[in-house]
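Here's the structure, in structure tokens; my notes come after.
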Amino acid sequence: MALKYYLQVYGCQMNLYEAGLVRSILEQAGYQETENEFAAELLLMVTCSVRSHAEKRALGRLKQWIALRKQGSARVVGVLGCMAQALKEKLINDYSADLVIGPDRYQFLPELITAVLKNNLPQIATDFTNECYQNIVPKIKSGVTAFVTIMRGCSNFCSYCIVPYVKGGARSKPLPAILSEVSQLIEKGVKEITLLGQNVLAYNYQNIDFCSLLEKVCALPGIYRVRFLTSHPRDLTEQIIRKLTRIPKVCPQLHLPVQSGSNRILKLMNRGYTAEEYLAKVEMIRSYLPDISLTTDIIVGFPTETEEEFNATIHLIKTVQFDYAYMFKFSPRPGTAAAEIKPFVPPAIAQERLARLIEIQNQLTRQSNLSMLNREYQVLIENSSPRGNGSLGRTPQGKVVILDESLAPGYLVNVKINEIRGWTPKGRIIGTDSAADCNFSSQSVYPLDQNGGY
């Protein structure tokens, strides 16, 4: 009988993707996934180390799993991914894990599990190998959207970031492997792909750059939409934006982490741009793409940040008016340069700044959603509504829209937004659309006041 495994995933979209790699590797080796952790012989977690909170959550769950193992409910407890790479033997010596496997060593999971079961000894594999997993297609759960990693690791060394230390330097997945993976996803019914990387703009494989990659992905028959994240502001140029406007099916959505509005803090972060340069790029982007959705990441309470420098961040988000922002308190990561910068901002002050920032950004997000009223959007249905009857879909800009009608995933409809329910736009269907192109251009949205519609 096949051994059953339970997989818990912490962290970002890239970890969700890597969980698919783990599933594919295990199931090719004959293991069977279960949704019931109490029925599993193998308890595995894909972990994150970007912030201490993510590590604490995973370590808390690890302690619970060790207790289950002691009770005889499980035979092997394993930690995979970034936290495994960061903590290594500590997870075995201090937390009694059986398996510790870094992001480049997932393909050895089956033999390491066998070694634990046979020898009753913990196993660790955390060597960097510049792995891109180009020969493994992740297992996905059915749906119309999917992630595809095009790069692994990062070589930017932002002072606060642990990614280069736990995932290695930046490397690009071979183009043929990406196109093959996307083609297989299309065959499974996927209509929208999100290309992933710590900085996708740095993609380069045998002189194929990111824009060329996008052109080739969008040329595959059967794909409706393509998104990508994340982009580093330093590497975003007018030439790239100009090229993107000419590639059909690329969505008018850009995640562009700013991190701070203070030039001194940005320099300490090793971000490679100033607030003025960032704002100039935003102005340039919107000159080409007036209806683009812009989202960002922001860190507050970076070491030595003053109230005046925090206010500079507030000024920047009000100036840009992001559609959404992911906002966090600074979390010192061992081994990074920022962990050595002193003095730290007192936790109470950092928390108060974060609360203020969230309140202001929430207002901007609501204003952005309200601006959708009485406008028409092409919506790709992804699922049923989470609150009962109806459907959930997304606009080309990535905005979630709720519909009263129950429609099958993968259906494209033209929708007029007639209500903002809480935070979520609600729409009414005004027609279907067989056209798949959403176009990374200002014409992806058609305001009703332009001659009554389209």
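Report yes if E181 is more than 18 Å from the chain's Cα centre (by Cα), in contact (Cβ under 8 Å) with a residue 12 or more places away in the chain and closer than 22 Å to G11 by Cβ, otherwise no. Break it down stepwise before answering.
On the way: more than 18 Å from the chain's Cα centre (by Cα): yes; in contact (Cβ under 8 Å) with a residue 12 or more places away in the chain: yes; closer than 22 Å to G11 by Cβ: yes.
Considered against the rule, which asks whether it is more than 18 Å from the chain's Cα centre (by Cα), in contact (Cβ under 8 Å) with a residue 12 or more places away in the chain and closer than 22 Å to G11 by Cβ, E181 comes out as yes.
Checking the structure you have, find out if any residue of segment 398-409 is in contact (Cβ under 8 Å) with a residue 60 or more places away in the chain, of a type in the set (K, R), within 21 Å of I223 (Cα to Cα) and surrounded by 15 or more Cβ atoms within 10 Å (Cβ to Cβ). So far as segment 398-409 goes, yes, one or more of its residues are in contact (Cβ under 8 Å) with a residue 60 or more places away in the chain, of a type in the set (K, R), within 21 Å of I223 (Cα to Cα) and surrounded by 15 or more Cβ atoms within 10 Å (Cβ to Cβ). The residues of segment 19-49 that are of a type outside the set (G, A, S), buried (at least 19 other Cβ atoms within 10 Å of the Cβ) and out of contact with any Leu (no Cβ under 8 Å at 6 or more places or on another chain), listed by number, are L21, C48. Return yes when P334 is out of contact with any Asp or Glu (no Cβ under 9 Å at 6 or more places or on another chain), in the same structural domain as G197 (by TED's automatic domain parsing), more than 27 Å from S155 (Cβ to Cβ) and in contact (Cβ under 8 Å) with a residue 40 or more places away in the chain and no when it is not. In short, no. Say whether the condition of being of a type in the set (A, V, I, L, M), surrounded by 20 or more Cβ atoms within 10 Å (Cβ to Cβ) and under 25 Å from G301 (Cβ atoms) is met by at least one residue in segment 411-425. No, segment 411-425 contains no residue that is of a type in the set (A, V, I, L, M), surrounded by 20 or more Cβ atoms within 10 Å (Cβ to Cβ) and under 25 Å from G301 (Cβ atoms). Looking across L121, L117, L99, one residue alone is crowded, with 22+ Cβ neighbours inside 10 Å and among the hydrophobic types (A, V, I, L, M, F, W, C). It is L99.
Applying the selection to segment 405-423, what residues are under 15 Å from R387 (Cα atoms) and part of a strand (DSSP E or B)? Answer for segment 405-423, where residues must be under 15 Å from R387 (Cα atoms) and part of a strand (DSSP E or B): just R421.
Quick one: in segment 237-249, which of the residues that are without any contact (Cβ under 8 Å) to a residue 60 or more places away in the chain and not in a loop (DSSP other than H, G, I, E, B) is surrounded by the fewest Cβ atoms within 10 Å (Cβ to Cβ)?
Q239
Only a single criterion out of (1) in the same structural domain as L256 (by TED's automatic domain parsing); (2) modelled with pLDDT under 90 is not satisfied by L364, namely (2). Only one of the numbered conditions (1) under 23 Å from L179 (Cα atoms); (2) part of a helix (DSSP H, G or I) is violated by R234, and that is (1). Across segment 129-151, the number of residues qualifying as farther than 25 Å from S231 by Cβ and either touching a strand residue (DSSP E or B) at 6+ places or on another chain (Cβ under 9 Å) or surrounded by 16 or more Cβ atoms within 10 Å (Cβ to Cβ) (or both) comes to 3.
Please tell me if A355 is within 26 Å of M327 (Cβ to Cβ), free of Cβ contacts under 8 Å to residues at least 12 places away in the same chain and over 22 Å from the mean Cα position of the chain (by Cα). Judged against the criteria, A355 is a match.
With the structure loaded, tell me whether S368 is surrounded by 15 or more Cβ atoms within 10 Å (Cβ to Cβ), out of contact with any Pro (no Cβ under 8 Å at 6 or more places or on another chain), within 25 Å of R394 (Cβ to Cβ) and of a type in the set (G, A, S) or whether it fails that test. Spelling it out, S368 is indeed surrounded by 15 or more Cβ atoms within 10 Å (Cβ to Cβ), out of contact with any Pro (no Cβ under 8 Å at 6 or more places or on another chain), within 25 Å of R394 (Cβ to Cβ) and of a type in the set (G, A, S). Among the criteria (1) within 24 Å of S260 (Cβ to Cβ); (2) more than 20 Å from the chain's Cα centre (by Cα), the one L201 does not fulfil is (2). Return a yes/no flag: does segment 219-237 have any residue that is aromatic (F, W, Y), over 16 Å from the mean Cα position of the chain (by Cα) and closer than 30 Å to V413 by Cβ. Within segment 219-237, one or more residues are aromatic (F, W, Y), over 16 Å from the mean Cα position of the chain (by Cα) and closer than 30 Å to V413 by Cβ.
Somewhere in segment 143-161, is a residue among the β-branched types (V, I, T) and over 26 Å from I223 (Cβ atoms)? If you could, list the steps in order and put the result at the bottom.
Restricting attention to segment 143-161, the residues satisfying the condition of being among the β-branched types (V, I, T) are 144-145, 148-150.
Cutting the leftovers down to over 26 Å from I223 (Cβ atoms) gives us none.
Looking through segment 143-161, none of the residues is among the β-branched types (V, I, T) and over 26 Å from I223 (Cβ atoms).
Tallying residues that are over 16 Å from E37 (Cα atoms), in contact with an Asp or Glu (Cβ under 8 Å, 6 or more places away or on another chain) and not aliphatic (A, V, I, L, M) within segment 57-100 yields 1.
When segment 162-173 is filtered for residues that are surrounded by fewer than 21 Cβ atoms within 10 Å (Cβ to Cβ) and hydrophobic (A, V, I, L, M, F, W, C), only A170 remains.
The values are calculated or read from the model by the stated rules, or taken from the named source; none is laboratory data. Here the structure is a predicted model, which means the values were calculated and not measured. Quick reminder, even Gly has a Cβ in these numbers, built from the backbone with ideal geometry, and neighbours come from all protein chains shown.
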